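The values are calculated or read from the model by the stated rules, or taken from the named source; none is laboratory data. This is a predicted model, so every value here is computed, not measured. Because the Cβ atoms are built from the backbone with ideal geometry, glycine has one as well, and the counts that use them run over all protein chains shown. Heavy atoms of the whole protein, side chains included, go into the accessibility calculation; ligands, DNA and RNA do not. Shrake-Rupley method; radii C 1.70, N 1.55, O 1.52, S 1.80 Å.
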Amino acid sequence: MSNVLAGEESEKVVTYGWAARDTSGILSPFHFIRRANGDNDITLDILYSGICHTDLHMVKNDFRISIYPMVPGHEIVGKVTKVGRRVTKFSVGDIAGVGGSVGSCGSCSDCSNGFYVYCPKMILTYSAHYYDGTITQGGYSNNIVVDQNFVVLIPKSLPLDGAAPLLCAGITVYSPMKYYGLAQPGLHLGVVGLGGLGHVAVKFAKAFGMHVTVISTSPSKKEEALEKLGADEFLVSLDQQQLQDARGTMDAIIDTVSANHSIQPLIALLKTSGKLILVGGPPSPLEVLAMPLLLGRKMIAGSAGGGREEIQEMMDFAAKHNITADVEVIPMDYVNTAFERLEKNDVKYRFVIDVANTISCMSN
């Protein structure tokens, strides 16, 4: 899937964005050059870019892989303005989306099966080395050049601001539902955490016909979970009686929480052969007793997303069932404040930058 260099157009793409320069994580205006639109590439004028919690970790180098200067953003929706001569999937004027990956080897078993997100040579949308040696930069910018194999069409019926977070948060919860056989009417699914990932998980699970219990440490989120998002039950994970009453009732649990927390009580909620699927990434090692897993034939698994075909499938499913993320749309120059609020979980449930209407006026 590497970009074809022969026959590339010579024009580089002048780009304006907001970048972090160091581990302070503070973003400021940044001019840079993207590669020319190659034969297999499309160029997007970015309309919206969601803010993922991963962006906050990356700008501060919490994962120890950050490359500065860094333009974050991997929940990108934009309008196609140029296509390479070998592009078959897109036309100028299409509305398209870019998620967390922009490259992979194209030949390993994961790539062959459509799961390039698990490719050992997967290239992140930002803060990674591209094939030509340049550093990838993300969606907090006015344009992006991307290989067509890492782009999806955004259905016309979806509002674009609410669709942007589906490119990360959406596929993060949709993919394990499909892969682990959970997308079936009547199955009982627990969703741990009611944040950017959790609220979208509830929406997809209900669209699949599942019985959904939200599991949270915050009793104050009960009304939101049941009345607005449509969950069937709400369990306060700090209430020992509620945990006891729910033992052995759930077919599966999707744990979206990235903060350190004990997963042992969650295992007890599973039925025999139940699955606990982690999609959050707590920094500390997990501590798990083996016997409850053995005696219940229970599974702890993980999932990090899906490939282009599955993301497109998810987008089409979301359009059919009117699923979008609940978002707070912000201007580009609010991004540092948004990061401060995100660190305090002060958002319902996803910030989305209105790039097209707020970045252009600052680039002149």
Probe 1.4 Å - accessible area at Tyr174, Å² to nearest ten: 0 Å²
Mean-position separation - Cα centroids, segment 95-116 and segment 233-287, in angstrom: 31 Å
For the chain, with +1 on Lys and Arg beta carbons and -1 on Asp and Glu, the positive-most of Gly230, Gln242, Val288 along the dipole: Val288
Segment 53-62 - phi-based ³J(HN,Hα) in whole Hz, Karplus 6.51/-1.76/1.60, Gly and Pro as x: 4, 4, 4, 4, 5, 5, 5, 9, 6, 5
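What's the ranking of 17-27, 132-142, 256-266, 289-299 by average number of surrounding C-beta atoms within 10 Å, highest first? Don't skip to the end; give the middle numbers.
On the way: 17-27: 19.5, 132-142: 21.0, 256-266: 16.5, 289-299: 11.6.
Put in order of decreasing packing, that is 132-142, 17-27, 256-266, 289-299.
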Calculated from backbone phi, Karplus (6.51, -1.76, 1.60) coupling profile of segment 220-237 in Hz, x at Gly/Pro: 5, 8, 4, 4, 4, 5, 7, 8, 8, 8, x, 5, 8, 9, 9, 10, 7, 6
C-alpha long axis of helix 196-207 to longest principal axis of the chain, angle in °: 70 degrees
